[in-house]
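The values are calculated or read from the model by the stated rules, or taken from the named source; none is laboratory data. In this text the structure is predicted, and so the values were computed from the model without any measurement. Cβ placement follows ideal geometry from the backbone for every residue including glycine, while neighbour counts extend to all protein chains displayed.
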Amino acid sequence: MIYDVVVNDEGQYSTWPADRELPEGWKPTGFRGGKEECLRHIEQVWTDLKPLSLRGLIESETNSLRTAHLTLRELTPAEVAVLLDGNATSDDWVADYPLPGSKNAATGFGRRNADQMRYGFGMYHLVRDSDGLVIGEMGFHQPPNGGAVEVGFGLAESCRGAGYATEALAELVRWAFSQTGVDQVVARTLDSNMPAQGVLTRTGFKHVSRDGDFERFILVAADLAPFSEPFDLDDEGRAVVAEVSEARLSGERRHELVFVPGTDPLIRSISEPG
């Protein structure tokens, strides 16, 4: 029997007997052949299994965060896919990016299903404001699960030692703790990766365990409760927290939560935005 390769309005492919009338919502692609031949063709052309409506939603809604020297720009799935090419280059990246681990990070993101595509909990490029170049990456392995979310990061070797990773991580965890369902942020690094461990501790993470060659760090929301000398959750404290939460949910920026990296516990003070 001869089949047509057909596609619907959501960009989903299938086979259909060539001598039968197509159902509503489907149209031929122009490829015709035996069943196995058609299936092989579909495997080659249907590389993104997400429906077009979902792809459009994901592509258009990405997060962006600003620090003193960087912009953290969440990548669309299409931008993440570029990193899967081991020879990928761009004039928008520093010469020693992508990193050795960029492809692995992109692969993990590409394995997510639709339910795991939560706004803001993806992969970010770290863009240096001084020249607009991507100097590294940072992001979450998965959206929050059971109150926890795991973060990972990497910086081009030519850009290390300037405090960029600490600056970016402090902002990313600040944002994460402003979202529902996040009580702690987890990070793992090789026991030999002392620079990464330094970034974590300067940002307020605490070492909790070792698993084989990996060291595990955790930053807990309780450590980030706003306080000042100390900031107790009395009536006044609750009022401030409620005001900040209300402003955040409404999209206004009447107050900022300012982190002080390296303090133990990590201090978060409240100040008027500049």
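Any residue at all in the range 221-230 that is modelled with pLDDT of 90 or more and either surrounded by 20 or more Cβ atoms within 10 Å (Cβ to Cβ) or touching a strand residue (DSSP E or B) at 6+ places or on another chain (Cβ under 7 Å) (or both)? No, there is no match, as no residue in the range 221-230 is modelled with pLDDT of 90 or more and either surrounded by 20 or more Cβ atoms within 10 Å (Cβ to Cβ) or touching a strand residue (DSSP E or B) at 6+ places or on another chain (Cβ under 7 Å) (or both).
Note on the range 41-54: among residues that are charged (D, E, K, R) and at pLDDT below 75, the one that is farthest from LEU84 (Cα to Cα) is LYS50. Of THR180, THR166, all but one fail to be among the polar types (S, T, N, Q), buried (at least 16 other Cβ atoms within 10 Å of the Cβ) and closer than 24 Å to SER64 by Cβ; the exception is THR166. So VAL127 fits all but one of (1) of a type in the set (Val, Ile, Thr); (2) outside any loop (DSSP other than H, G, I, E, B); (3) at pLDDT below 95; what number is the exception? It fails just one condition, (3). Condition check for ASP96 on (1) within 24 Å of GLU61 (Cα to Cα); (2) assigned to a loop (DSSP other than H, G, I, E, B); (3) modelled with pLDDT of 90 or more: one failure, at (1). In this structure, does VAL185 turn out to be under 20 Å from ASN145 (Cβ atoms) and at pLDDT 90 or above? Yes. Sub-6 Å Cβ pairs linking a first residue in the range 149-164 that is under 17 Å from MET194 (Cβ atoms) and assigned by TED's automatic domain parsing to the domain that holds VAL127 to a second residue that is outside any strand (DSSP E or B) and charged (D, E, K, R), at least 6 apart or interchain, are GLU157/ASP96, ordered by first then second residue.
Looking across LEU57, LEU70, one residue alone is under 20 Å from the mean Cα position of the chain (by Cα) and at pLDDT 85 or above. It is LEU70. Within the set MET194, MET138, the sole residue that is within 18 Å of the chain's Cα centre (by Cα) and not acidic (Asp, Glu) turns out to be MET138.
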